[in-house]
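Have a look at the structure below, then the notes.
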Amino acid sequence: MKNLLKLLLLFFGLTLFACEKAPEEVTDVSTLRLVWNGDPTTTASIVWDGKTKTDPVIYFGEKDRGRKYKKYPYNQKPYRTLGYYDMNTQYIRLENLKPGKAYYFVIKDSEGVSERYWFRTAPDQAEAFTFVAGGDTKSSGDALEAGRSSNRIVADLRPLFVLFSGDITSGNGTDPENWKQWLTDWHTLTTTSDGRLIPVVMVQGNHEGGNMANLNIIFDTPFQQNDSSSVYYSWSLGGDLFHLIALNSQIEQGGKQKKWLENDLITHQTYTFKIAAYHKPIWPHTSRKRENEYLYKQWAFLFYKYGLDLSFDADSHMHKITYPLRPDSLAVDSLMGFIRDDQKGTMYIGEGSWGAHPRPADDDKPWTMASGSFNQFKWLQVYPQGENSEAHIKIYTVITADYDKEGKLHTYYEGIEPLNENNLFNVPAGLKVFQNEKGKDFVTYPYH
């Protein structure tokens with residue numbers, strides 16, 4: 001009888017052990033991306049190519065259960081599936097999440113269970129955070145490798161999110177192979193070594209113009225007026241600390257979009273920091289791009305009137321940062337409709353070159369603080385007001401690649417000491433940072 005009891009206990013123990021083991025088959029989710037489209041404190045979009053697989057489900061929770069999907073307390077199925085660009089794209093919107101929390105998840109489908117990934121929701125109270133801003137990648141050659149260098153450095157810096165101001169692939173945004181390559185690169189290179197996904201916030205660029213609904217198709221990005229080409233939106237984090245506006249310079253900038261922008265700025269006028277992002281610069285800092293006077297007339301005066309702090313653009317494939325500016329076309333000392341205003345002006349920052357080959361920085365203005373021709377993105381550290389300090393933002397320009405006189409590409413991702421969740425505001429050893437002025441590695445906003 002005792003031997004029988006022992007055998008039964010052994011049987012149940014082995015059965016329990018088998019149930020506890022993680023599934024052996026690992027399903028491929030190499031195009032996985034995490035996107036912030038709505039309230040980032042409580043929601044997140046998870047999108048991936050399900051290929052020919054069926055029955056996808058995300059299992060998730062606040063505790064890390066590895067790949068043991070049955071141990072996660074919550075699960076959710078896609079709310080839609082689309083077949084564009086030779087992909088069977090799955091879309092899941094997680095809602096009612098807790099602010100400022102880590103969430104772990106796996107994807108289970110007919111072929112197995114994915115690796116375990118995790119992400120962090122944005123805080124709903126004022127606390128310091130970092131983010132990365134840039135734009136313009138290409139799909140081949142040195143430009144592709146330069147963009148991959150930028151991607152790798154994102155993983156080292158572990159920002160709260162990445163703001164990407166358009167031009168994601170070469171062409172017009174309808175080539176399936178270009179999309180699959182970019183999405184695979186983004187997932188494999190920006191995901192951290194411990195499986196953390198960095199959320200991306202997407203802005204419309206001209207290289208997505210072959211289908212004006214591309215951002216919604218690829219990133220589940222929202223649109224206005226029930227029109228999938230009207231991709232512009234906004235969200236906030238940190239209580240009233242930070243408000244982000246994603247605009248669309250590829251469609252009519254006046255009319256409905258201008259009215260929406262003004263209403264959004266009015267609603268969030270009291271926020272500590274307000275930023276806007278769009279693709280085309282108002283006044284590009286390279287002679288190879290035309291000026292955008294109409295954009296200036298539609299948006300610049302609203303930016304100043306309602307206290308926009310930072311404006312991010314791309315498109316020109318170079319680096320620029322201006323002093324804070326006030327639009328004034330009548331002042332004697334204004335140039336191209338801007339005059340320096342360190343107290344209340346908007347600082348204009350850009351102009352792309354995440355991976356795209358840099359153009360010459362040959363069109364500075366008197367109110368230009370700095371410019372340069374290299375691959376780069378901006379790394380920003382946002383700090384709320386403290387007992388002995390005002391709320392401020394540190395703006396670093398990270399050089400991710402450049403070209404020598406012979407035209408040879410040099411990338412700068414190797415040798416960087418990756419940050420971790422406990423030192424996110426350190427400048428890591430090996431990071432190549434541009435000195436914008438006065439020998440400083442960063443610019444501070446408000447500008448002093």
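What follows draws every value from the coordinates through simple rules; no lab data is involved. Just so you know, these numbers come straight off a predicted model, no measurement behind them. Ideal geometry is used to build each Cβ from the backbone, glycine not excepted, and the neighbour counts take in all protein chains shown.
Are there trypsin sites (Lys or Arg not before Pro) in segment 260-365 that DSSP marks as loop and that have at most 10 other Cβ atoms within 10 Å, and which are they? Qualifying residues, ordered by number: Arg290. Rounded, prolate or oblate, given the Cα gyration tensor of segment 33-120, with a/c below 1.5 counting as rounded? Oblate, because a/c is 1.5 or more while a/b does not exceed b/c.
Our note on the geometry: Cα centres of segment 60-110 and segment 291-332, 40 Å apart. Residues whose amide H comes within less than 5 Å of that of His392, counting only those at least five positions distant or on another chain, are Tyr383 (H built at 1.01 Å from N in the peptide plane).
Taking the number of other C-beta atoms within 10 Å as the exposure measure, put Thr267, Thr191, Thr322 in order starting with the fewest. List each step's numbers first, then the result.
Values: Thr267 13, Thr191 21, Thr322 24.
Sorted ascending by nearby Cβ count, the order is Thr267, Thr191, Thr322.
Can you tell me the dipole magnitude for the chain around its Cα centre, using point charges on the Cβ only (Lys, Arg +1; Asp, Glu -1), in Debye to the nearest 20?
Details: 49 positive and 55 negative charges, 246 e Å.
It works out to roughly 1180 debye.
Beyond 24 Å in Cα-Cα separation lie the following of the pairs Lys108/Lys138; Lys51/Lys378; Lys297/Lys344; Lys320/Lys344; Lys101/Lys258: Lys108/Lys138; Lys51/Lys378; Lys101/Lys258.
Electrostatic bookkeeping for Ile245 treats Lys and Arg as +1 and Asp and Glu as -1; over the other residues with beta carbon under 12 Å from its beta carbon, the sum is -2. For segment 88-132, trypsin sites (Lys or Arg not before Pro) meeting the loop criterion (DSSP other than H, G, I, E, B) and having at most 14 other Cβ atoms within 10 Å: Lys101.
Using Cα-Cα distances under 8 Å and only pairs 6 or more residues apart, what relative contact order does the chain have, in percent? It rounds to 14 percent for the chain. Electrostatic tally near Ile46: other residues with Cβ closer than 11 Å to its Cβ, Lys and Arg +1, Asp and Glu -1, net +1. The DSSP beta bridges internal to segment 129-445 are antiparallel in roughly 70% of cases.
A simple packing score, the average count of other Cβ atoms within 10 Å per residue, orders the peptides 392-402, 254-264 as 392-402, 254-264, with the highest score first. The Stokes-Einstein estimate for the chain, based on a Kirkwood radius over Cα pairs and taken at 25 °C with 0.890 mPa s viscosity, is a diffusion coefficient of 107 µm²/s. Farthest toward the positive end of the dipole of the chain, out of Pro281, Pro418, Pro40, is the Cα of Pro40, where the dipole comes from beta carbon charges about the Cα centre. For Met369, the residues whose amide H sits under 5 Å from its own are Ile321, Thr322, Tyr323, ignoring neighbours fewer than 5 places away on the same chain, with H placed 1.01 Å from N.
Computed from the C-alpha gyration tensor, the three semi-axes of the ellipsoid equivalent to segment 279-404 are 23, 21, 12 Å, from longest to shortest.
When you filter the GluC sites (Glu not before Pro) in segment 332-394 for DSSP loop state and at most 16 other Cβ atoms inside 10 Å of their Cβ, you are left with Glu387, Glu390.
By its C-alpha gyration tensor, with a ≥ b ≥ c as the square roots of the eigenvalues, how is segment 98-164 shaped: rounded for a/c under 1.5, else prolate for a/b larger than b/c, else oblate?
Working: a/c = 2.96, a/b = 1.16, b/c = 2.55.
Since a/c reaches 1.5 but b/c is at least a/b, the shape of segment 98-164 is classed as oblate.
Take each peptide in 160-168, 233-241, 142-150, count the other Cβ atoms within 10 Å of every residue, and average; sorted highest first, the result is 160-168, 142-150, 233-241. Shown in residue order for segment 187-195 are the 3J(HN,Hα) couplings computed by the Karplus curve 6.51 cos²θ - 1.76 cosθ + 1.60 at θ = phi - 60°: 5, 6, 9, 9, 5, 6, 5, 9, x Hz (x for Gly and Pro).
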